[in-house]
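Below you'll find the structure, written out as structure tokens, and then a few comments.
The values are calculated or read from the model by the stated rules, or taken from the named source; none is laboratory data. Quick caveat, the model's predicted, so the values are computed rather than measured. Because the Cβ atoms are built from the backbone with ideal geometry, glycine has one as well, and the counts that use them run over all protein chains shown.
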Amino acid sequence: MARCGTSPRFQASGETEETSDARNAPPKEIFVAFAQHLLFFKAMPWEDAESLHKQLHAAFGCGRPPALRKFVDEISDFLRPTGLKVRKVFCDGSRSSTAFLILHSEAEEELPVSLSALRTLQRVSKKFSLTQLHIFQAAASYLLRTRQPLTLLQWIRLCQAKGGCAPSLLQSLLELQFLRVENAEGDPTQLRLVLGPWCYAVRTSRRKDDKQRSKQRKERSAQTHTNREERHAREESATRKRSSQEEKKRTCWTVT
């Protein structure tokens, strides 16, 4: 009886294709840089996205870039753990000239549901007031506009400005999972409030890059300072040597 299964030749072929795909996959730095542009612009025309896509691949020396549609799928997979999504939308018709790439979060999709639930609770429960609803709306608006976590100090100041009780409202919103506490830095004293998963991976990578660049600048500055001191020392040594030689010549002339 013939044995069922995949032949070694086809298995090797599949492994070769997977290895080739992994080798040709864009580096994460390209995903990070592209996502940072979308974070800044919020929306980008499809043609501009294609141009940026090619520029990033050229800058990182990745050769010929894949189609932008495939790249968008890849960056969407990369951003999935952060709760962010990249989508292609059309403003007028289905031509590429009217297409845009937009970046939004799962929290943006869930926010209308959360607000509706909070309005219902405000009507049927004494635990929530209209003031508390307005505080949550203001906090959510800040989080979605800036795409940065809200510090506990900012939360307290927001509640004080609107006449709310920061601790009790925060506890209620955390219990309902309308807000979450995240710790992007790994430091218990640096807790932040968020609506949902945020792109800490992107921002952390950028912070690491900034720290690395800062370190490199300091090293270059220190090296420049060292080189300057060495050059100054050599110049002083040469000056002293010339002075000594001139002094010897004058001494010889005096003796003569």
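Looking across region 65-79, the residues that are surrounded by 18 or more Cβ atoms within 10 Å (Cβ to Cβ) and either assigned to a strand (DSSP E or B) or in contact (Cβ under 8 Å) with a residue 40 or more places away in the chain (or both) come down to PHE71, ILE75, PHE78, LEU79. Remark: LEU169 matches the filter, which requires a residue to be surrounded by 15 or more Cβ atoms within 10 Å (Cβ to Cβ), in a helix (DSSP H, G or I) and not β-branched (Val, Ile, Thr). Across region 149-181, the number of residues qualifying as in contact (Cβ under 8 Å) with a residue 40 or more places away in the chain and either in contact with a Gly (Cβ under 9 Å, 6 or more places away or on another chain) or closer than 26 Å to PHE40 by Cβ (or both) comes to 4. Considering LEU101, LEU133, the condition of being outside any helix (DSSP H, G or I), at pLDDT 80 or above and of a type in the set (A, V, I, L, M) is satisfied by LEU101 alone. Count of region 25-77 residues, restricted to those that are at positive phi and touching a Leu at 6+ places or on another chain (Cβ under 8 Å), is 1. One residue stands out in region 1-60 among those that are outside any helix (DSSP H, G or I), modelled with pLDDT of 80 or more and of a type in the set (A, V, I, L, M, F, W, C): the one that is surrounded by the most Cβ atoms within 10 Å (Cβ to Cβ), namely MET44.
Out of the residues in region 172-205 meeting the condition of being polar (S, T, N, Q) and in a helix (DSSP H, G or I), tell me which one is modelled with the highest pLDDT. Among those that are polar (S, T, N, Q) and in a helix (DSSP H, G or I), it is SER172. Across region 138-147, what is the total count of residues that are of a type outside the set (D, E, K, R), at pLDDT below 90 and surrounded by 15 or more Cβ atoms within 10 Å (Cβ to Cβ)? Counting residues in region 138-147 that are of a type outside the set (D, E, K, R), at pLDDT below 90 and surrounded by 15 or more Cβ atoms within 10 Å (Cβ to Cβ) gives 3.
Every listed requirement among (1) touching a residue at least 12 places away in the same chain (Cβ under 8 Å); (2) exposed (fewer than 14 other Cβ atoms within 10 Å of the Cβ) is met by THR82 save one, (2). Applying the set (1) touching a Ser or Thr at 6+ places or on another chain (Cβ under 9 Å); (2) β-branched (Val, Ile, Thr); (3) closer than 30 Å to GLU175 by Cβ to VAL113 leaves exactly one unmet item: (1). Across region 149-164, the qualifying residues are those that are modelled with pLDDT under 90 and surrounded by 14 or more Cβ atoms within 10 Å (Cβ to Cβ), and the one among them that is nearest to THR82 (Cα to Cα) is PRO149.
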